[in-house]
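**Student:** This is the structure I have questions about; it appears just below.
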Amino acid sequence: MTEELDLKELFSNFVRFNRRHKKSLLTFVFFGVLSVILFQNFKTPYYETKAICMSGISEYERVKYEEEWLQRTAIDLINYLQINIENKDYKELASLLGIDLLIAEKIKKIEAEQLYQKDMNEEFFSLNKFEIMLTVFDNQVIEDIQKGIIYYFYNNKYVNDYYMKFNESCDQMIKDINYEMNLLEKIRLEGAKNSLDVSSHSVNVISGKEGKNISNQIISLSDLREEIKMKQSLLKPLTYVQEFANVDQKEDEILVWGLLVGFISFLIGLLVSLIKDVK
C-alpha cells in the first residue's frame, strides 16, 4: 500500500514538474523535431530496391557448404562491393561493375543475404537463391547497376575459371554419354540382326530381357544427358530470378527520426530543467 502511494506521489510530482517547465520542454522538443525536418528536406534523397538471384558458383566449386550458406561465395562477392562504397573508392567500384564513375557514385549501399523458407515442421531451410538489397541516390541508375552486377560476376577471374571448367566438364560428360549410347545402340541393333539370321529353333544372341535392359540403359543415359544440359543452361555465374524494381518513391524517415529526436530532446529538456531547479 505504501509503495502504491509512493508511486502515485512520484507520478504527481513528475506531472507538476512538467507543467512548471512546460514552456522549456516544448521549446526543446520543437527545435529537435524542426532540426529533423530541415535535415530530411535538405539531404540527398535515396531509393531502396531488391532483387532475387541465383548463382551456379557453389556447383562449380563442388564444395559442400553448410546448409545455411548455399550461396556463400556469390553473397561474399556482392558484399565485397560494399567495402568499396564504405571506402569511397568509386573508381574501383565502377571498374568492377563496368559502369561509368558518375553512376558508381550514385550507389549508397549494396548487400546480399541468403534466402530461407519454412518447411511443414516450421523449421527454416536455405534456398538456392539469395537477395540483393540496393540503395541509390538516383532511381534512374538502377538498370545500369543491374547489368553491372552481371558484368561483375562474368568478369571475375575466380568465377570465370570455375565456370569454364564446369562447362568443359559438362561437355565431356555429354560426349561420354553420347559414346555410351551409340555403343549400346550398336549392340542392340547387331543383336536384333543376328536374331533374324538364325533359325527360329536357335537361341537369340540377345534375349528379349537383355534387349530391354539395353533399352533401359539408353533411356537412363538420355535422361542423364538432358539433366546435364539443363544444369549447364541454368547454372550461370548469376541469374536474376526477380530483377530490381524501378522504384519511384524515395525513402522518407521524417516520422521515425522525428519521434526519436523528439523523445531525446524531451529528456534533455528534463535534465536542463532539473539542473535549474537544483540551482
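**Student:** Could you go through region 233-243 in sequence order and give the Karplus-derived ³J(HN,Hα) for each residue, using 6.51 cos²θ - 1.76 cosθ + 1.60 with θ = phi - 60°, rounded to whole Hz, and x for Gly and Pro?
**Tutor:** 7, 8, 7, 8, x, 7, 9, 8, 6, 9, 6
**Student:** Spin-label point model (7 Å from Cα, Cβ direction): what's the K175 to S215 distance in nm?
**Tutor:** Once both label points are built, they end up 3.2 nm from each other.
**Student:** To the nearest 0.05, what FRET efficiency results for K157 and E123 with a Förster distance of 45 Å applied to their C-beta separation? Don't skip to the answer; put the middle values down first.
**Tutor:** Numbers: r = 38 Å, r/R0 = 0.85.
After rounding, the FRET efficiency stands at 0.75.
**Student:** Still on this structure, I have one more. When Lys and Arg each count +1 and Asp and Glu each count -1, what net charge do the other residues less than 14 Å away from N79, Cβ to Cβ, add up to?
**Tutor:** So the environment of N79 carries a net charge of -3.
**Student:** Report the gain in length on full extension from D138 to K231: 0.36 nm times residue separation, minus Cα-Cα distance, nm rounded to one decimal.
**Tutor:** 29.8 nm
**Student:** Quick check: from the Cα gyration tensor, does region 49-173 come out rounded (a/c under 1.5), prolate or oblate?
**Tutor:** On the way: a/c = 2.37, a/b = 1.32, b/c = 1.80.
Oblate, since a/c reaches 1.5 and b/c is not below a/b.
**Student:** How large is ³J(HN,Hα), in whole Hz, for each residue of region 115-121 in order, when computed from phi with the Karplus curve 6.51 cos²θ - 1.76 cosθ + 1.60 and θ = phi - 60°, using x for Gly and Pro?
**Tutor:** Rounded to whole hertz, the list is 9, 10, 9, 8, 8, 5, 8.
**Student:** May I pose another question? Taking H as built 1.01 Å from N, whose amide H comes closer than 5 Å to the amide H of K236, not counting residues under 5 places away?
**Tutor:** It is G56, by chain and number.
Bear in mind that the values in this text are calculations on the coordinates, not laboratory data. Keep in mind that this is a model prediction, so the values were computed, not measured. Cβ coordinates were reconstructed from backbone atoms using ideal geometry, including for glycine residues, and neighbour counts include every protein chain displayed.
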